[in-house]
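Working notes, beginning with the structure itself.
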Amino acid sequence: MRTLEQVRMYSVPISDPRVSELITWYQRTLQRAIDVIWDNIEWKYRFPKVEKGGQVIVPSKFKVPYLPKDRSFKRRLRDYLLQDRPYAAHWVDAVIRTAYSVMESWRKRYLKGKARKVKPRVKRRFARCKATLMKVDYDEKSIRITLRPGEYVEVSWNGRWFARRVEGWRVGEVILKDDRILIPFETAKVVDVKDVIGWDSNELSLDGFSPRVGFIKVDLRPLQSMKIVYERKKRIAQSKGLRYVYEKYNVRERNREKDFINKLASGLTKLFPNSVHVFEDLEKENLVSRREPKGRRKRNARTPWELIQGKASERAVIERVSPKNTSRTCPRCGYVVKTRVGRVFRCPRCGLELDRQKVAAVNIYLRYLRMRGFPHSYDPERVKGELWVGVALRGRSPVIWAPMKGALRAVKPREEGLISSYIKPNEA
């Protein structure tokens, strides 16, 4: 049994000059809070220990920022921001919490080498409302937001197109913008987990493995083809200086990509209900860094692995594991091959021969089981052949090699000579 938390955010348009004035004050006060926290950061040296070849190596020291979090400092910061405040005191508490959230995010990125030692600047206009400033009427489907004592702003989602989708959901902390209010709706449901599927993320496909189904191959070639076509169109428009044409193709590409990913995530959760989907915890910023060849960087940037995982997490239980050596480890004996040569994985210890992407999918599945405390034990006779699924942007006839229209469906698996006798293919 697992608990699946779902969050959906919808916007309601609003036109009120008081909201714009509140956002202006909120943005200015938030920057003041960040300035005070930045001036009180304590920098300490850290000496990280790295093990290499059985020996402990201590590299050069570096400074680590520690944010002030004691009660006395937060009390002084609150008293400082309460001076000459034109709004309710709880808005100051909301500002302080947002300031610490911004600084914590900067600190994490700084320690990973993704941010410089520069104070964050607030550029976006928004105001995050605390729950103590809101009164939600679920019967009337309305929210009353306190600006000052006795002064309120009311917004209702009754009659909106998304009202039925969020029936019975609870309202989270809203975000105020100049022309709209973003309302997050939250819910939690219990999922009776009956299967675990390990997914290997590749450029042209998502390769999955589950003892109940066997091998699963999700075709991503239509998505790649679409993005390549729009890259060429945008390149031509950019070379001719046609900015409006470039923006038009950019919007079309983004919309078609979102449509494909939404259909894919929805189809996977319908085709494999009550399942835990295990993906690789990929750092895409490392995959598109300068250390990689230019062609590989472009191909990696073209594949939206994080978007697929994010959309799938809205509908199913998602887990992530380390991708280290998933395509070089033998799933039968655990031997790690030093080099990756060719598409076929060959284990020199036990003689297993299998497609490398399928090996990675099996290892991701097994790595999740070990992480949950389960031993490596499954019956090879239960493993079936390969299930091909896909999503078509156009066309009516579902076929194996071209993606299918609408929801994902099971098709007859493709027999491959790469499947070893250890994992026997059967008819689906």
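The values are calculated or read from the model by the stated rules, or taken from the named source; none is laboratory data. Computed from a predicted structure; not experimentally measured. In this analysis, Cβ positions are derived from the backbone assuming ideal geometry, glycine residues included, and neighbour counts consider all displayed protein chains.
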If you check every pair at least six apart or on different chains, which have Cβ atoms under 6 Å apart with a residue in the stretch 232-251 that is assigned by TED's automatic domain parsing to the domain that holds LYS298 first and a residue that is surrounded by 13 or more Cβ atoms within 10 Å (Cβ to Cβ) and among the hydroxyl-bearing types (Ser, Thr, Tyr) second? LYS233/TYR249; LYS234/TYR246; LYS234/TYR249; ALA237/TYR246; GLN238/TYR246; TYR249/TYR230
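I'd like the residue in the stretch 333-364 that is surrounded by 18 or more Cβ atoms within 10 Å (Cβ to Cβ) and of a type in the set (D, E, K, R) and, out of all such residues, is farthest from the chain's Cα centre (by Cα).
We begin by selecting, within the stretch 333-364, every residue surrounded by 18 or more Cβ atoms within 10 Å (Cβ to Cβ); these are 337, 345, 347, 352, 354-364.
Imposing the further condition that a residue be of a type in the set (D, E, K, R) reduces the set to 355-356, 358.
Numbers: ASP355: 28, ARG356: 25, LYS358: 23 Å.
The selected residue is ASP355.
In the stretch 316-333, how many are in a strand (DSSP E or B) and either under 22 Å from LEU352 (Cβ atoms) or outside the structural domain of ASN363 (by TED's automatic domain parsing) (or both)? Even if it seems obvious, please write down each step before you answer.
From the stretch 316-333, those in a strand (DSSP E or B) are 317-321, 329; that's our starting set.
Okay, now just the ones that are also either under 22 Å from LEU352 (Cβ atoms) or outside the structural domain of ASN363 (by TED's automatic domain parsing) (or both), so 321, 329.
Within the stretch 316-333, residues that are in a strand (DSSP E or B) and either under 22 Å from LEU352 (Cβ atoms) or outside the structural domain of ASN363 (by TED's automatic domain parsing) (or both) number 2.
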Could you list, in sequence order, all residues of the stretch 6-27 that are part of a strand (DSSP E or B) and of a type in the set (Gly, Ala, Ser)? SER11
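Do we have LYS119 as charged (D, E, K, R) and in contact with a His (Cβ under 6 Å, 6 or more places away or on another chain) here? Even if it seems obvious, please write down each step before you answer.
Details: charged (D, E, K, R): yes; in contact with a His (Cβ under 6 Å, 6 or more places away or on another chain): no.
For LYS119, the condition - charged (D, E, K, R) and in contact with a His (Cβ under 6 Å, 6 or more places away or on another chain) - is not met.
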May I ask you to verify whether PRO304 is under 18 Å from GLN6 (Cβ atoms) and in the same structural domain as ARG367 (by TED's automatic domain parsing)? no
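Search the stretch 250-286 for residues being of a type in the set (Lys, Arg) and closer than 29 Å to VAL359 by Cβ, and hand back the single one that is surrounded by the most Cβ atoms within 10 Å (Cβ to Cβ). Break it down into steps so the answer makes sense when it comes.
First pass over the stretch 250-286, keeping only residues of a type in the set (Lys, Arg): 252, 254, 256, 258, 263, 270, 284.
Among the residues that remain, those that are also closer than 29 Å to VAL359 by Cβ are: 263, 270, 284.
On the way: LYS263: 20, LYS270: 13, LYS284: 13.
If we take residues in the stretch 250-286 being of a type in the set (Lys, Arg) and closer than 29 Å to VAL359 by Cβ, then LYS263 is surrounded by the most Cβ atoms within 10 Å (Cβ to Cβ).
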Scanning the stretch 206-231 residue by residue, those of a type in the set (A, V, I, L, M), surrounded by fewer than 21 Cβ atoms within 10 Å (Cβ to Cβ) and either under 19 Å from SER266 (Cα atoms) or touching a residue at least 24 places away in the same chain (Cβ under 8 Å) (or both) turn out to be MET226, ILE228
For LYS263, which of the numbered conditions (1) touching a Lys or Arg at 6+ places or on another chain (Cβ under 6 Å); (2) within 25 Å of PHE215 (Cα to Cα) fails to hold? (1)
Looking at this structure, is SER156 polar (S, T, N, Q) and in contact (Cβ under 8 Å) with a residue 60 or more places away in the chain? yes
Quick check, is ARG367 at pLDDT 85 or above, closer than 26 Å to VAL191 by Cα and assigned by TED's automatic domain parsing to the domain that holds GLY208? yes
Quickly run through the stretch 63-91 and pick out the residues that are of a type in the set (Gly, Ala, Ser) and more than 20 Å from LYS130 (Cα to Cα). SER72
In the stretch 78-120, residues that are of a type outside the set (A, V, I, L, M) and part of a helix (DSSP H, G or I) total 17
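Taking GLU247 as the residue in question, decide whether it is modelled with pLDDT of 90 or more, more than 30 Å from ARG18 (Cβ to Cβ) and of a type outside the set (Lys, Arg). First the steps, then the outcome.
Details: modelled with pLDDT of 90 or more: yes; more than 30 Å from ARG18 (Cβ to Cβ): yes; of a type outside the set (Lys, Arg): yes.
In short, yes.
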Select from the stretch 131-150 the residues that are more than 31 Å from the chain's Cα centre (by Cα) and in contact (Cβ under 8 Å) with a residue 12 or more places away in the chain and write down the one among them that is farthest from LYS177 (Cα to Cα). GLU140
